[in-house]
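Down below is the structure, laid out as structure tokens.
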Amino acid sequence: MFSLYSVKKFFYNISKWITSEILAIPLALILYTSPLSPLSTLNLLRQKGFFEYIPTIEAIRSNKLNFYSGRFRNLIKLARFSHTYGEKGIIRQEIERQLQKVEVELELADYNLTQFYEFMSIFTTIFPSIIASTLIFIDISLAVSIMILLALASNVASFLSLVIFPMEARINNPNTKSLARIFILFGILSTIFYIISSAILNLYLPATLSLGIAAFLPSIVMFNYIQEEIKELDEAMNRIRLAISTPFNIFKHLGKMPKEIILETRNPIAKAANICIYLISLYSGKKDAYMFLESYYRRYLDFIKRLRDKTRVMLIYFLIECTVIASIHAFMFTALEFMSKFDVLSSGIIKIPTHVEIMVYRKSIDLILTLTSLALSLTTANSREGNPVFFLLYLPFSSVAITVAFYVAYFLGGTLFL
């Protein structure tokens, strides 16, 4: 039986691998631009607490780099080699190789993420529409069960986009305490709104609508957090350009202590840029070092912004999927309600659902659409931010779009069957 320690160790090692993979390029940039030797630079980063999981000098020399990503381990080996032979050219080659790889990933990521979104429509729209229009007239209980399973499967499948998404462009989590407060608030509000919408207002989609309303405030918090992280990237670029142009120490010009600026920065590449400025200004001050930093950082920043611009079209797909699936269930429910008013005889394998079965379907629609709303929100967050915790940013839009589309389609369906 697993102990609490082994569980913590397991998640610690996963966190170490993910963090080290994300840090590979930022750390390579620091190691090359730093006037200090590579191992001295790593030791300084560890002592100052600028990054988590920086290995000790003893671990580097003894090659004890368990649970670090392959790319990170390769960089540390290059740093050790560079330190021994006094040659930083191999680190520059590694930066160039990694940035070229990232630029290729950008071209592929846009196509692959679009294809993945089309794949997700199979679970959220195509299969449910086929089942709703055919199997529901054969065995409504089986049809409902399959649609619920498909909605659950779409939530699991949404995480596959993380394999496609370039980790270098990933938006990091808010700090643990902030994230916990956001989800606690979301849970409390969801419960309150569900009680109001189901027990008091008796709405058709109480869970779907409740999640959307409850996620409204967390969505604003998430949006502001993402904007702040992107702002950090731009501010780091501005500091580099200021360092190139100013004849004085840049931190005197900014009026802030360098450690304060570095520790306040959450984004790894922006933090790396600030660390590079700090090390160059403290130990060297050479303009060509700033010029090198500016050229590589600009390429990285352009990569991040192009990817976010290209994935913006997914927001349109996202709203279309929400509208289509809600409309399918609304029209089907309206049609079944209409049929239940007449003595329509079943023939062969075709079976017209009874009024009781239709009411079971009505209650199941809320669960199906709630799961679909969550799946589409997760897919969009994983495809745009590379991080599932930001599903709360999109949940209000998916829930409201589904609710509005359902009621509009239900009203239109009612007029058709009058």
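Read-outs: derived from the displayed coordinates by stated rules, not from any lab. Predicted model, so just to flag it, every value in this text is computed and none were measured. Backbone-built Cβ (ideal geometry, glycine too); neighbour counts: all protein chains shown.
Apply 1/(1 + (r/R0)^6) to the Cβ-Cβ distance of residue 87 and residue 298, taking R0 = 30 Å, and write down the FRET efficiency to the nearest 0.05. Each step should come with its number before you reach the end.
Working: r = 26 Å, r/R0 = 0.86.
FRET efficiency, residue 87 to residue 298: 0.70.
Give the relative contact order (percent, whole number) for the range 4-87; include only Cα pairs under 8 Å separated by 6+ residues.
38
What does the charge count near residue 290 come to, summing +1 for each Lys or Arg and -1 for each Asp or Glu among other residues with Cβ under 14 Å from its Cβ? Spell out each step's value before the answer.
Working: positive: 239, 241, 286, 287, 298; negative: 288, 294.
Result for the local shell: +3.
Considering only C-alpha atoms, what is the centroid distance from the range 270-312 to the range 387-412, in Å?
Each part's Cα centre sits 39 Å from the other's.
Once you place label points 7 Å from the Cα toward the Cβ at residue 227 and residue 8, how far apart are they in nm?
For residue 227 paired with residue 8, the spin-label model returns 3.9 nm.
Along the Cα-to-Cβ line of residue 306, 7 Å from the Cα, sits a label point; which residues in the range 102-126 have backbone N less than 16 Å from it?
102-113
Obtain the nm distance between the two label points defined at residue 138 and residue 201 by a simple spin-label model: each point lies 7 Å from its Cα along the Cα-to-C-beta direction.
Spacing of the two 7 Å Cα→Cβ label points: 3.8 nm.
Could you list the residues of the range 375-399 with an amide nitrogen less than 19 Å from a label point located 7 Å from the Cα of residue 178 in the Cα-to-C-beta direction?
In the range 375-399, the label zone of residue 178 (backbone N under 19 Å from the point 7 Å along Cα→Cβ) covers 381-382, 385-395.
Within the chain, which is the longest segment containing none of the GluC sites (Glu not before Pro) that sit in a DSSP loop and have at most 16 other Cβ atoms within 10 Å?
88-418
For the range 103-144, place one equal point scatterer on every Cα, skip the solvent, and apply the Debye formula. What is log10 of I(q)/I(0) at q = 0.30 Å⁻¹?
-0.90
What's the local net charge at residue 311, with K and R +1, D and E -1, over the other residues with C-beta under 10 Å away?
Residues near residue 311 contribute +2 overall.
For the range 21-140, what is one quarter of the convex hull surface built on the Cα atoms, given in nm²?
Result: 11.3 nm².
Can you compute the modelled spin-label distance between residue 104 and residue 74, with each label point 7 Å from Cα toward Cβ, in nm?
1.0
Report the Stokes-Einstein translational diffusion coefficient (µm² s⁻¹, integer) for the chain, Rh taken as the Kirkwood radius over Cα pairs, at 10 °C with viscosity 1.306 mPa s.
So the translational diffusion coefficient is about 65 µm²/s.
Provide, in order from the shortest bin, the percent of all Cα-Cα pairs of the range 280-395 in each 10 Å bin, continuing until the bin that contains the maximum pair distance.
With a bin width of 10 Å, the distribution comes to 11, 24, 19, 16, 12, 7, 5, 4, 2.
Going by how many other Cβ atoms sit within 10 Å of their own, how do 44, 376 line up, fewest first?
Lowest to highest Cβ neighbour count: 44, 376.
Over 26 Å between C-alpha atoms is what I'm after, so list which of 231/310; 16/252; 231/252; 259/287; 48/310; 16/177 land there.
Pairs exceeding the cut-off: 16/252; 48/310.
Using a cut-off of 15 Å between beta-carbons, work out the net charge of the residues near residue 15 (Lys and Arg +1, Asp and Glu -1, residue 15 not included).
+2
Above 16 Å lies some portion of the pair distances; for the range 4-87, what is it as a whole percent of all C-alpha pairs? Don't skip to the answer; put the middle values down first.
Details: 1772 of 3486 pairs.
Across the range 4-87, Cα pairs with separations above 16 Å total 51 percent.
Calculate for the chain the 222 nm mean residue ellipticity that helices alone would give, adding -39,500 (n - 2.57) per DSSP H run of length 4 or more and normalising by residue count, nearest 500 deg cm²/dmol.
-25500 deg cm²/dmol
Residues in the range 30-44, backbone N under 13 Å from the label point at residue 252 (7 Å along the Cα-to-beta-carbon vector): list them, ranges by number please.
none
Need the full-extension length gain, residue 287 to residue 96, defined as separation in residues times 0.36 nm minus the C-alpha distance. One decimal, nm.
Working: separation 191, 0.36 × 191 = 68.76 nm, distance 2.02 nm.
Separation in residues times 0.36 nm, less the Cα-Cα distance, equals 66.7 nm.
Take the Cα coordinates of the range 69-194, assign each an equal point scatterer, and use the Debye formula without solvent to give log10 I(q)/I(0) at q = 0.20 Å⁻¹.
-1.13
Using the reciprocal of the averaged 1/r over all distinct C-alpha pairs, how large is the Kirkwood radius of the range 187-265 in Å?
16.2
Can you tell me the relative contact order of the chain? Whole percent, Cα pairs under 8 Å, sequence separation 6 or more. Each step should come with its number before you reach the end.
Working: 493 pairs, mean separation 102.5, N = 418.
Contact order relative to length: 25 percent.
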